[in-house]
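Beneath this line is the structure, given in structure tokens, with notes to follow.
The values are calculated or read from the model by the stated rules, or taken from the named source; none is laboratory data. Just so it is clear, the structure is predicted and the values come from calculations on it, not from any experiment. Because the Cβ atoms are built from the backbone with ideal geometry, glycine has one as well, and the counts that use them run over all protein chains shown. Heads up: the accessible areas ignore ligands, DNA and RNA and are worked out on the full protein's heavy atoms, side chains in. Shrake-Rupley method; radii C 1.70, N 1.55, O 1.52, S 1.80 Å.
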Amino acid sequence: MFVSEGTILHADLDAFYASVEQRDDPRLRGRPVIVGGGVVLAASYEAKAAGVRTAMGGRAARRLCPDAIVVEPRMSAYTRASRAVFEVFRQTTPEVEGLSIDEAFLDVSGLRRIAGPPSEIAAGLRREVRERVGLPITVGVARTKFLAKVASGVAKPDGLLVVPTEKELQFLHPLPVERLWGVGPVTAAKLRDRRIFTVGQLAGLGEATLVSLLGQGAGRHLDALAHNRDPRSVQTGRRRGSMGAQRALGRGPRTPAALDAMLAGLVDRVARRMRAAGRTGRTMVLRMRFTDFTRATRSHTLARATSHTQTLLDAARRLLATALPMIEERGITLIGISVGNLDDRYVQPALPFAEQDGVALDAAVDAVRDRFGSAAITRGVLVGHGQGLEMPMLPD
Amino acid sequence: MKFRVERDALADAVAWTAKSLPSRPSVPVLAGVMLRVSDGSLEVSGFDYEVSSQVTVEIQGDADGAALVSGRLLAEITKALPGKPVDIAAVGAHLELVCGSARFTLPTMPVEDYPSLPAMPASAGTIDAAAFATAVAQVAIAAGRDETLPMMTGVRVELSGSNIALLATDRYRLAMRELEWRPEDPEISLNALVPARTLNDTAKTLGPLGGDVTMALAHGGAGEGMIGFSAGTRRTTSRLLDGANYPPVRSLFPASHNAEARVSVPALVEVVRRVALVAERTTPVLLSFGPDGLVVEAGGSEEARASEAMEATFSGEPLTIGFNPQYLIDGLQNLLAPTAVLSFVDAFKPAVISPAADDGEIVSGYRYLIMPIRVTR
């Protein structure tokens with residue numbers, strides 16, 4: 001039994017936002033809970049049982065589950081809970097790769113002698129999170145990251161599933177193809193046309209057939225996954241390659257001035273995060289989603305990396321200006337920016353020009369927001385507009 | 001139009017005008033050079049609405065007239081011609097060029113579509129061509145190349161009586177050169193922001209011709225927003241950049257310093273070059289000054305590292321300061337002096353590099369300001 005367990009854990013909090021709400025309000029326990037009045041941000045397992053799904057419209061969700069209790073999101077509570085859970089992760093093993101606020105890979109190889117086999121470590125982890133943070137968490141244990149994630153998906157909610165190394169394919173092959181990373185509705189439909197329903201059937205096709213069916217990238221990727229070939233190791237301390245923020249908009253026309261104000265709010269938010277993390281970026285990307293659900297991005301790379309709000313905003317504004325005709329024509333439902341090409345080690349500061357500098361302004365605004373909260377100081381154009389929800393995320 | 005011209009004179013003239021032509025012209029005629037013959041001389045001109053250049057060449061003219069041909073093509077052809085007199089004639093919609101036994105026929109573009117070149121502004125004064133070329137090159141190195149910050153891509157020319165100051169900065173380093181010139185109006189007080197690339201190209205081509213360069217700068221009225229340079233048979237004009245909000249950069253030079261080092265320029269350039277081999281694009285070289293001299297280091301704890309000690313005389317508290325290696329080398333090489341004096345306030349404030357003679361005495365006229373990179377160790 002010694003070598004039969006993989007050492008990679010995939011730990012995933014169950015219905016994270018909804019679980020935090022149920023933890024903090026006893027009246028919600030055991031009842032269907034929907035977080036988010038408009039779009040569903042999260043649904044408790046009781047609500048999921050009625051068919052409620054994340055990102056569903058609020059009205060549709062209430063129709064499916066009329067007894068659901070709808071609560072407003074409390075992002076700061078989720079951030080606190082996430083920090084506490086990651087603290088447990090890091091006490092379990094230093095090898096933690098956070099995937100998002102409620103999900104991480106842990107590598108527990110090398111801990112056998114001090115903490116026991118991975119299955120025991122995983123059980124202990126679940127107990128700790130339950131006792132110290134009060135939240136249910138599901139853990140999958142396997143030899144590869146991919147299979148650990150599949151295992152936690154199968155074990156949800158509040159479960160633990162260990163895939164022994166000699167039974168990997170036995171576990172994997174009966175699963176539906178949708179369990180594989182990268183198989184969405186389109187790929188699944190293509191495979192269904194070929195009467196491919198399970199991972200085992202997919203594995204039987206062979207790489208060449210898959211490549212001809214799905215293209216080179218996807219074909220190779222799925223063939224590797226179907227045979228549980230996933231050489232990626234748990235990456236700790238990997239720094240973000242980009243930072244971004246986005247905002248969903250309702251349908252209906254938006255004036256260029258309103259879009260410009262939202263853009264300014266997004267840039268403020270991202271630039272502040274970049275400065276807090278000591279990062280600078282060179283590439284500004286503008287993301288848009290249109291009323292027909294198509295998406296487009298526009299990007300501009302600056303000559304130098306910066307975290308200066310005004311410089312980033314100027315770049316974003318130029319992108320928005322070139323995209324306005326497209327927005328006019330297709331209607332915009334989401335606007336987002338991200339700053340990529342992040343440099344982290346050294347920043348060449350600019351000479352201290354008295355006027356057009358603004359670095360001092362950024363620092364002053366950051367200090368006010370750190371002390372009094374994000375809403376304490378805002379741009380004139382954003383007064384009375386609200387910022388949209390600031391989603392909690394992993395520390396940068 | 002029909003004329004005979006010396007091969008070298010033609011090749012030089014065409015090469016100079018064609019150099020400023022746009023590679024992707026907004027309208028096709030702007031890719032052309034204009035050849036215009038009148039009164040026994042040939043004017044070769046190019047213009048892209050920003051920069052115009054014109055050379056007058058002596059010829060044996062048979063018939064006056066004008067023709068517009070592709071500048072790039074004519075420049076390549078004239079450069080490759082044998083050393084014999086060149087006969088050029090406009091024949092219908094073509095230009096015939098004969099040199100020795102080589103014969104070329106080029107299509108022409110309609111002369112009447114070509115914009116007229118801007119008039120030269122009134123002369124403001126003259127300056128030694130070679131000294132001007134050197135001064136401009138010393139300063140243009142610090143100008144920005146990021147077109148999204150147009151103001152930083154210019155060299156600020158400050159005319160004040162018989163003194164010219166040239167300043168340029170890309171926000172990370174700043175170069176300033178002051179020199180004498182001969183203004184028409186001894187009370188002149190004018191500022192202009194000239195595109196650094198144009199200014200440097202112009203000064204570089206006029207410098208080796210020797211003699212004086214006439215600088216023409218309008219003060220209100222016709223030619224506003226334009227600067228002109230002429231020397232011998234050449235003249236060029238350039239549109240100015242909007243410098244109304246140019247920051248008060250002179251005030252960036254610290255009023256006093258707390259530490260000062262004297263180092264050999266060629267030795268420091270060589271050491272920085274060598275050590276910087278392990279520095280990635282954004283990583284600084286570290287200069288540690290102390291009573292024993294200078295140690296230059298680069299590289300991180302997990303990457304390749306390099307260090308080298310060298311001689312330096314230093315006064316002040318020991319200091320470690322980081323610089324972008326290229327900015328440092330740019331400054332040192334443009335001192336045009338055997339010794340550099342580096343003055344520091346502290347490791348986070350801009351440092352000044354000044355040229356000094358062999359005896360360590362600072363030579364006035366040029367200063368290079370460089371913003372350090374903060375390094376936490």
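Sorted by average packing, counted as other Cβ atoms within 10 angstrom per residue and highest first, what order do A:31-40, A:139-148 take?
A:139-148, A:31-40
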If DNA, RNA and ligands are ignored and the probe is 1.4 Å, what is the ranking of B:GLU178, A:GLU120 by accessible area, most exposed first? A:GLU120, B:GLU178
Nitroxide proxy distance, nm - points 7 Å out along Cα→Cβ at A:ARG130 and B:ARG274: 6.6 nm
Between the residues A:SER212, A:ALA47, A:ILE137, the Cα farthest towards the positive end of the dipole of the protein assembly as shown, that dipole coming from +1 and -1 charges on the beta-carbon of Lys, Arg, Asp and Glu, is from A:ALA47
Tell me which residues come under 5 Å, amide H to amide H, from A:GLU95 once H is placed; ignore anything under 5 positions away on its chain. A:ASP107
Charge tally for neighbours of B:SER53 with beta carbon under 10 Å away, counting Lys, Arg as +1 and Asp, Glu as -1, is +1
If you put +1 on each Lys and Arg Cβ and -1 on each Asp and Glu Cβ, how big is the dipole of chain B around its Cα centre, in Debye rounded to 20? 720 debye
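About its Cα centre, what dipole magnitude does the stretch A:84-215 give when the only charges are +1 on Lys and Arg Cβ and -1 on Asp and Glu Cβ, stated in debye to the nearest 20?
300 debye
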Given the options A:LEU313, A:PRO325, A:LEU351, identify the residue whose Cα lies farthest towards the positive end of the charge dipole of the stretch A:277-383 (+1 on Cβ of Lys, Arg; -1 on Cβ of Asp, Glu). A:PRO325
Mean-position separation - Cα centroids, the stretch A:36-88 and the stretch A:194-270, in angstrom: 23 Å
Quick one: accessible surface of B:MET176, probe radius 1.4 Å, all protein chains present, in square angstrom to the nearest 10. 10 Å²
Compute for chains A and B the buried accessible surface, both sides summed, probe 1.4 Å, and express it in Å² to the nearest 100. 2000 Å²
If one computes the Cα centroid of the stretch A:152-170 and of the stretch B:178-254, what distance in Å separates the two points? 75 Å
With unit charges on the beta carbon (Lys/Arg positive, Asp/Glu negative), name the residue among A:GLY380, A:VAL70, B:ALA140 whose Cα is farthest towards the positive pole of the charge dipole of the protein assembly as shown. A:VAL70
Counting only protein heavy atoms with a 1.4 Å probe and every protein chain in place, the carbon and sulfur fraction of the accessible surface of the stretch B:34-114 in whole percent equals 49 percent
Of B:ALA216, B:ALA351, B:ALA102, which is the most mobile in a GNM of chain B whose springs link Cα atoms less than 10 angstrom apart? B:ALA102
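Expressed as a rounded percentage, what relative contact order does the stretch B:246-302 have, with Cα pairs under 8 Å and six or more residues apart? Don't skip to the end; give the middle numbers.
Values: 36 pairs, mean separation 14.5, N = 57.
Contact order relative to length: 25 percent.
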Determine the alpha carbon to alpha carbon distance for each of A:LYS145/A:LYS167; B:LYS79/B:LYS204; B:LYS2/B:LYS204 and list only those over 27 Å. B:LYS2/B:LYS204
Are there GluC sites (Glu not before Pro) in the stretch B:197-281 that DSSP marks as loop and that have at most 12 other Cβ atoms within 10 Å, and which are they? B:GLU224
Spin-label pair A:ARG232/A:THR283, simplified geometry with 7 Å Cα→Cβ offset, distance in nm: 1.8 nm
Of the accessible area of chain A, computed with a 1.4 Å probe and all protein chains kept, carbon and sulfur make up a percent value of 53 percent
Using the crude model of +1 on Lys and Arg Cβ and -1 on Asp and Glu Cβ, and no other charge, please compute the dipole size for the stretch A:192-300 relative to its Cα centre, in debye to 20. 560 debye
Distance between Cα centroids, the stretch B:75-123 to the stretch B:310-361: provide it in whole Å. 51 Å
Say R0 is 45 Å: what FRET efficiency, to the nearest 0.05, do A:ARG318 and A:ARG194 get from their beta-carbon distance? 0.45
